[in-house]
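The values are calculated or read from the model by the stated rules, or taken from the named source; none is laboratory data. Not measured: the values here are computed from a predicted model. Glycine gets a Cβ as well: all are built from the backbone with ideal geometry, and neighbour counts include every protein chain shown. Remember, those area values only see protein heavy atoms, side chains included, never the ligands or the DNA or RNA. Shrake-Rupley method; radii C 1.70, N 1.55, O 1.52, S 1.80 Å.
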Amino acid sequence: MRLGLTIGYAPPGTNPIELVELACEAERLGYDSVWTAEAWGTDAVSVLGYLAAKTTKLALGAGIMQIPARTPALTAMTAATLDLMSGGRLLLGLGTSGPAVAEGWHGQEFGKPLARTREYVEIVRAVLRREPLEHHGELYEIPLGDHRPLKLMARPLRAQIPIYLAAIGPKNVALAAEIADGWLPIWISPERLQEVFGESLAGARDGFDIAAFSVPVALTDDVQAGRDFLKPVLALYVGGMGTYYNALVGRYGYEQEAAQIKKLYLGGKKLEAIAAVPDALVDEVALVGPRERIRDRLDAWRESGVTTLLVQTQDRATLRTMAELLL
């Protein structure tokens, strides 16, 4: 099981350079990859470009580049450029985000995410192969009018840059298994992975990378304090970020708890929603406790089918501990 680091996007009021320094430390410790993110703050691409100049061995993952933010041709251009500048280290993570971001921030329709993702990936791959770009689909028509098809002027270092898809619904996961090189699942439960997603993953090609995304690590001697530290973000996702994450937790067997968290969170009772997050759920989807407890917990992740563990931490001692336990 490979070990990577998710640095996400810079919190409001901070500079992404601080996250880059953490990634450089991960490279010194032998981590395999580092992944950036974007929402409606700092973007994923700029930080990857900076990382390409500051590192030499780390694979550089976009986790994720938002599909509604860029045309597929621009994403292919960006991927080819980053791959050239990094010496072939790019991992291209893509995702549709959600209606609030697609429509509320980018002004793009969110509808038909499965069809949109399929066509988007087809176009990106065609551009990277330097084929004349001609696509006549349900959602993308290229070229418009009677213009002649263009092909990428740049010569990509790799015509097949690995593409990962972020997905949590069964149909989305099945699409990732069908058309992508890897899957970026967030809030994954290693015990429930095969039970919940096994059928969706049945069509995955050899070498398909299940990269458990943004797994929180709280290295502490006080297990309950570690759980309590992580509960606010879980309450936000389960209670305040739409139906996707709520349904995911429900499929893990916490349907009643998920409904209660959502009711409390949307009712303005955020502290009560946080308190309603079960300890057992935190233990399933995160790594919490002293070094020995985390070491023992890693067995479940190894046995789950996860091939890359992408941890989330900004603590250098935790970075070192995870490297010692896995590398």
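Condition test on R155, is it touching a Phe, Trp or Tyr at 6+ places or on another chain (Cβ under 6 Å) and open to solvent by 60 Å² or more (accessible area, probe 1.4 Å)? In short, no.
Out of L150, L139, L157, report the one residue that is in a loop (DSSP other than H, G, I, E, B), over 28 Å from the mean Cα position of the chain (by Cα) and modelled with pLDDT of 95 or more. The match here is L150. Checking A211, A174 one by one, the residue that is open to solvent by 20 Å² or more (accessible area, probe 1.4 Å), of a type in the set (G, A, S) and in contact (Cβ under 8 Å) with a residue 12 or more places away in the chain is A174 and no other. Pairing residues of the range 34-63 that are closer than 21 Å to V215 by Cβ with residues that are assigned to a loop (DSSP other than H, G, I, E, B) and of a type in the set (G, A, S), at Cβ distances under 7 Å and at least 6 apart in sequence or on separate chains, gives A44/A37; G63/A37.
Quick grid of which residues meet (1) in a strand (DSSP E or B); (2) over 30 Å from F110 (Cβ atoms); (3) open to solvent by 10 Å² or more (accessible area, probe 1.4 Å); (4) in contact with a strand residue (DSSP E or B) (Cβ under 9 Å, 6 or more places away or on another chain):
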site: G13; (1), (2), (3), (4): no, no, yes, no
site: V20; (1), (2), (3), (4): no, yes, no, yes
site: A23; (1), (2), (3), (4): no, yes, no, yes
site: R28; (1), (2), (3), (4): no, yes, yes, no
site: A39; (1), (2), (3), (4): no, no, yes, yes
site: V45; (1), (2), (3), (4): no, no, yes, yes
site: L48; (1), (2), (3), (4): no, no, no, yes
site: K57; (1), (2), (3), (4): no, yes, yes, no
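Looking across the range 280-295 at every residue that is out of contact with any strand residue (DSSP E or B) (no Cβ under 9 Å at 6 or more places or on another chain) and over 13 Å from P216 (Cβ atoms), the one that is surrounded by the most Cβ atoms within 10 Å (Cβ to Cβ) is identified as R295.
Residue-by-condition table, conditions (1) out of contact with any helix residue (DSSP H, G or I) (no Cβ under 9 Å at 6 or more places or on another chain); (2) acidic (D, E); (3) more than 21 Å from V238 (Cβ to Cβ):
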position: L264; (1), (2), (3): no, no, no
position: K270; (1), (2), (3): no, no, no
position: A273; (1), (2), (3): no, no, no
position: D279; (1), (2), (3): no, yes, no
position: V285; (1), (2), (3): no, no, no
position: V288; (1), (2), (3): no, no, no
position: D299; (1), (2), (3): yes, yes, yes
position: E303; (1), (2), (3): yes, yes, yes
position: L309; (1), (2), (3): no, no, yes
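For residues that are open to solvent by less than 30 Å² (accessible area, probe 1.4 Å) and free of Cβ contacts under 8 Å to residues at least 60 places away in the same chain, scanning just the range 67-95, find the one that is nearest to the chain's Cα centre (by Cα). Out of the qualifying residues, it is I67. Taking the numbered list (1) farther than 21 Å from L3 by Cα; (2) open to solvent by less than 10 Å² (accessible area, probe 1.4 Å) in turn, G63 passes all entries but (1).
Hey, any hits in the range 220-229 for a residue that's touching a helix residue (DSSP H, G or I) at 6+ places or on another chain (Cβ under 6 Å) and assigned to a strand (DSSP E or B)? For the range 220-229, residues touching a helix residue (DSSP H, G or I) at 6+ places or on another chain (Cβ under 6 Å) and assigned to a strand (DSSP E or B): absent.
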